[in-house]
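Everything below concerns the one structure shown next.
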Amino acid sequence: MMLQLLKYLTAIATLGLSHASGPGPAAISTIDGCTLAASDCMALAALELDGSLTFRDTSFAAVDFGHIVSARPAAVLHPGSTRDIAKLVRFVYASSSNVSIAARGVGHSANGQAQVLNGIVIDMSDLRGSRVSARGAFVEAAGGELWIDVLRASLAKGLAPRSFLDYLHLSVGGTLSNGGISGQTYFWGPQISNVLQLEVVTGTGELVTCSRRTRSDLFFAVLGGLGQFGIITKARINLQPSATHVHHVHALYADFASFQRDQLRLISLQQQRKAIASFEYIEGHLVTNSDSLVNGFSSVPFEGQTVNVNLLPSPGNASVLYYLELAKSYNIALESPASVHEQVSQLLAPLAFIPSQVFTRDEPFVDFLDRVHTGELTLRAAGLWEIQHPWSTLFVPASAMATFERTVLRTVDVSTFNGPVNIFPVNRNKWDPQMSAVTPDEDIFFTVSFLNSVGAGQGPTLKALVDRNSQAWQACERLGCKQFFPTHTSRADWEAHFGAKWAKFVLNKRRFDPKAMLSPKQNIFTRGQTFPFLL
């Protein structure tokens, strides 16, 4: 205790320094900024870290992409190394403190999942870096590394990860704690199915390297585990030779049945291993049959192209339309654009989109993968990025999609579609059942994402969108759906969410985070909770 007191007094003597230079006592703003118990403040201030711990500059960690929930932490750790994370977690675990810990990547959560009220947030953005292996089999990325930087490091070697998100400016650790999905998921599986090895700090502060063969129990628990079992500090992601270009397609549909049937037809080609294969990327989107709303049909064509409104049904007969977004990648050194265009023509020939309402273009591979970020920059410039985003993503069994479309999509007020509505199929056999992530109990299910926002004094209110999401979930739950980025709050709902995986999920919590210190805002477990119902 005397040694801790001396370290504490040393830290007090350095007040006014915002960062420590190299290993030594944690840099703090002022001890007066600490809202924890005095003993916790003193002990935390005395930790010897490679990075820094601050009690004052914590407000950024109380905000996330959703801008709906706000919980300010008492402290933020800016780790200078993985050791800092392990040391902090180990210290809190060994103490009698009731402090909780959450890891934060870029704060892209919509409902405060990476926040912790009066606890400690670990700013993973301070842990960055990617390294491609000598033989190019994998890229090893730090937990705070962004996927765009993983891509850049891989492309420098002529390689790329197989499975991406639609938005690459997210952290590796964050997406692997959830799933990591996009239109490539049906083809390559989610990002969590493309990981070779992880480095994890468990809820006891143990630093573990795990894989399918080594400490596989932790490996599978963490992937899709919602941050409940450990903090991902490194990940090895498998690579393949990179494409250079993409042939990008948008095809407009007047009715949902044809739209869904063609999506299922296209993903079946990959399973059948047809000679011309299929598109590696298949997504679908709902748009309003209007040119005046945010996601009206004018968003479908590429720049310089237009929809022929004379071919569209009247808004009275169809308030919404759908379009397929498809992509076929190729390496221009190995395959000519003309050859790819011919393959795409063959794939499109049997599809039932509105005649001649198909739009195509070739673009660089990187531009295609990073296209959402281009839109982000436009929205930021217009002041429309840092606004409320009540997002909701559902996994709907394929057999229930017709009912979901009839009872949900067709009945929702189109004015509440203030942003993208994505609809695309996924093969369950691309998801390893040993992982914590859950899916519906069907071989094929659809991802339906309401990616809406609350405009500044325009469009639907936050309440209207939250109510719409709630009504959609209530209807979907009866159809055997699952939530992606789940927002349940009761034990009964979480038990129903995980289903047959619940007992193992709780067992893993008891094993890897026995004091329930990690990611409390997921609202699955309570800090200090015991698990007698498994004893």
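Here the Karplus relation 6.51 cos²θ - 1.76 cosθ + 1.60, evaluated at θ = phi - 60°, turns the backbone of the stretch 436-452 into coupling constants of 5, 4, 10, 9, x, 8, 9, 5, 10, 9, 10, 8, 10, 10, 9, 9, 9 Hz, with x for every Gly and Pro. Within a Cβ distance under 13 Å of residue 182, other residues only, what is the Lys/Arg minus Asp/Glu net charge? Every neighbour counted, the sum reads -2.
Under a cut-off of 23 Å between alpha-carbon atoms, report the lysines in cross-link reach of residue 463, not counting same-chain residues fewer than 8 places apart. Residue 463 reaches 482, 521. Backbone phi angles across the stretch 382-398, fed through the Karplus curve with coefficients 6.51, -1.76 and 1.60 (θ = phi - 60°), yield HN-Hα couplings of 8, x, 10, 9, 7, 10, 6, 10, x, 7, 8, 10, 10, 9, 10, x, 4 Hz in residue order; Gly and Pro are listed as x.
If Rh is defined by the Kirkwood formula over all Cα pairs and Rg also comes from Cα, what ratio Rg/Rh do you get for the stretch 156-251?
Over the Cα atoms of the stretch 156-251, Rg/Rh equals 1.03.
Rounded to the nearest whole angstrom, the semi-axes of the ellipsoid equivalent to the chain, taken from the Cα gyration tensor as √(5λ), stand at 42, 25, 23, largest first. Less than 5 angstrom separates the built amide H of residue 67 from those of 389, all sequence-distant by 5 or more or on a different chain.
Just so you know, the Rg over Rh for the stretch 261-328 is 1.07, from Cα atoms, with Rh as the Kirkwood radius. Phi-derived couplings, Karplus 6.51 cos²θ - 1.76 cosθ + 1.60 at θ = phi - 60°, listed residue by residue for the stretch 318-329: 8, 6, 10, 10, 9, 9, 7, 10, 10, 8, 10, 8 Hz, with x used for Gly and Pro. Loop-located trypsin sites (Lys or Arg not before Pro) in the stretch 161-245 (DSSP state not H, G, I, E or B) with no more than 14 neighbouring Cβ atoms inside 10 Å: 212, 213.
Pairs to check: 87/515; 234/515; 234/430. Give those whose C-alpha atoms are more than 20 Å from each other in this structure. Don't skip to the answer; put the middle values down first.
Details: 87/515 16 Å; 234/515 24 Å; 234/430 23 Å.
Listed pairs above 20 Å: 234/515; 234/430.
Against the main long axis of the alpha-carbon atoms of the chain, helix 462-477 sits at an angle near 80°.
With kT/(6 pi eta Rh) evaluated at 4 °C and eta = 1.567 mPa s, and Rh the Kirkwood radius from Cα pairs, the stretch 245-483 diffuses with a coefficient of 68 µm²/s according to Stokes-Einstein.
Within the same chain, aspartates and glutamates fewer than 8 places from residue 501 are excluded, and of the rest, those with a Cα less than 19 Å from its Cα are 217, 432, 441, 442, 443, 477, 493, 513.
Hey, got a sec? Which trypsin sites (Lys or Arg not before Pro) in the stretch 416-524 land in a DSSP loop and have at most 12 other Cβ atoms within 10 Å?
Working: sites: 428, 430, 463, 468, 478, 482, 491, 501, 504, 509, 510, 511, 515, 521; in loops: 478, 515.
Here the trypsin sites (Lys or Arg not before Pro) that fit, given the DSSP loop and packing criteria, are 478.
Hey, how many Å between the Cα centroid of the stretch 418-496 and the Cα centroid of the stretch 53-117? Result: 26 Å between the Cα centres. Taking a Cβ-Cβ separation under 4.7 Å as the criterion for a possible partner, which cysteines of the chain have none? By the Cβ distance rule, which asks for a partner under 4.7 Å, the isolated cysteines are 210. What a 1.4 Å probe finds exposed on the chain is 53% carbon and sulfur by accessible area, rounded to a whole percent. Mean residue ellipticity, 222 nm, helices only, the chain: the sum of -39500 (n - 2.57) across DSSP H runs of n ≥ 4, divided by residue count and rounded to 500, is -7500 deg cm²/dmol.
Bins of 10 Å, beginning at zero and ending with the bin holding the largest distance: percent of Cα pairs per bin for the stretch 67-170, please. Percent of pairs per bin, in order: 14, 37, 30, 16, 4, 0. If you fit an axis through the alpha-carbon atoms of helix 502-512 and take the longest principal axis of the Cα set of the chain, what angle between them do you get, 0 to 90°, nearest 10? The helix 502-512 is inclined about 40 degrees to the chain. Ranked by the mean number of other Cβ atoms within 10 Å of their residues, highest first, the peptides 63-74, 116-127 fall in the order 116-127, 63-74.
Treating each Cα of the stretch 385-535 as one equal point scatterer and applying the Debye formula with no solvent, the log10 of I(q)/I(0) at q = 0.19, 0.20, 0.21 Å⁻¹ comes out as -1.17, -1.23, -1.29. Put a dot 7 Å past the Cα of residue 332, heading toward its Cβ, do the same for residue 376, and the two dots end up 2.6 nm apart. Relative to the longest principal axis of the Cα atoms of the chain, the long axis of helix 82-94 lies at roughly 60 degrees.
The values are calculated or read from the model by the stated rules, or taken from the named source; none is laboratory data. In this text, all values refer to a predicted model and were calculated from it rather than measured experimentally. Virtual Cβ from ideal backbone geometry, glycine too; neighbours counted across all protein chains shown. All accessible areas refer to the heavy atoms of the entire protein, side chains included, with ligands and DNA or RNA removed. Shrake-Rupley method; radii C 1.70, N 1.55, O 1.52, S 1.80 Å.
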